[in-house]
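The values are calculated or read from the model by the stated rules, or taken from the named source; none is laboratory data. The shown structure was predicted, so the numbers you read here are calculated from the model rather than taken from an experiment. Cβ coordinates were reconstructed from backbone atoms using ideal geometry, including for glycine residues, and neighbour counts include every protein chain displayed. Only protein heavy atoms, including side chains, enter the accessible area calculation; ligands, DNA and RNA are left aside. Shrake-Rupley method; radii C 1.70, N 1.55, O 1.52, S 1.80 Å.
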Amino acid sequence: KQQSQTKHQPWPPRARCGSARRSALGARCGGPLGSGGSGSSAMGKEGKIRTKASTEAMRWADDDEGDGPLFREPSSMGNEFDIRMKNEPDGVLAAKKIVDHIGKRGVCVCEANAPEQLIEAAYFEASELWEDGAFAPPLRVHDDRSMLEAQLWGQALKDEEKVVWIRDATTATGATAQESSSSKGMNALKLLAKNMSDFAAGLGELLQKEQGIEFDRIGHAMLSCYTGDRQYCLHLDNAHGEEDSPGSLPDNGMRLTCTYYFNPHWDPDDGNQGGLDLFLTDPKESPASASSAKKSPKLRVAPHADTLVMFLSDRMAHRVIPTRGKDSKWFALTVWALSGTAMNQMTRKMMAMRQQASKADSDSDD
């Protein structure tokens, strides 16, 4: 029933995968957000966390202030890519180029070179899941710990009203009945999710060596749908403050955000709704606030098929481009590369903050 939505592609058709080395997503991940499953290890060991937070208090209340100049935007032919995997015969050199782009700008936009059949199958599965009501709120709060974690994940998920977590068979033991039911018939989505995680994990060693970005696990893939008349919030996925700053949010462990768009019905006449605006601040540190980030040059990405966007989770402010109308739906898969050490420290700090708040409430009652 979705064939009418996927019949045309205004931008040039992609070449099919040639070899495994040349394809980011075409041949071959997975972990909810903070699962930390050992099966998704990126590096096999943990080291010093080398992230820098702004020395100023993080201020992420979006305002009506205008955006800065446009650095780059899609043409009528689609996105301008930093890397086209079909043109990269050497996977190691391609990874080096990607890491160099991330080091210089904090973001790299790739044409991943996934087969068209896989993309269209994934889009069909996502559409079926949406029509079947399989999308649900991304976080379930059922105890003190999950409530604390929801506060931290809320930064990255603030625009995600309903999602589907893509779990493979080996990690689905904690899934709800709804999630287990919806996971059936998601072969293409699972394959794309696995390929994304493998690709992100493969960048780990170079990111650590060249940029000091360390992670040791990959979270479960999150399927999002952007639709309806909506405005979205500017945010950082990991808006932590200084480690010893009282009252600041702890580091939630997110290091690298990878978002893949697989919408074969994109048309330049529709604009770039459902895509992504990234604000190109200094990638060596987090911006002080939403206001300061919005003054920076803006990189605009259309949500058309085979677009993979990778950026630093705690340094690059970004915002989903406004959508309009319920007939248009824009799907994206996102995975996060995570630091297990930071996540463990986060949980302890959040529990300590919770205990301090409870004690303060108790003292005030006395």
Subject >> Top positive-direction residue, dipole computed over segment 262-357 with Cβ charges, set 346, 268, 292 >> reply: 346
Original post:
In terms of the Cα gyration tensor, with a ≥ b ≥ c the square roots of its eigenvalues, is segment 81-175 rounded because a/c is under 1.5, prolate because a/b exceeds b/c, or oblate?
Top reply: oblate
**OP:** Express the C-alpha Rg of segment 253-312 as a ratio against the empirical globular expectation 2.2 N^0.38 Å, rounded to two decimals.
**Re:** 1.28
**OP:** Using a 1.4 Å probe and ignoring any ligands, DNA or RNA, find the accessible area of residue 312 and quote it in Å² to the nearest 10.
**Re:** 10
Original post:
Got a sec? Charge dipole of segment 90-133, +1 on Cβ for Lys and Arg, -1 for Asp and Glu; which of 114, 103, 130 is way out at the positive end?
Top reply: 103
Original post:
Can you pull the percent of segment 187-292's accessible area that's carbon plus sulfur, 1.4 Å probe, other chains left in place?
Top reply: 44
Subject >> Cross-link table 194/295; 96/190; 298/349; 96/326, entries beyond 32 Å C-alpha to C-alpha >> reply: 194/295; 298/349; 96/326
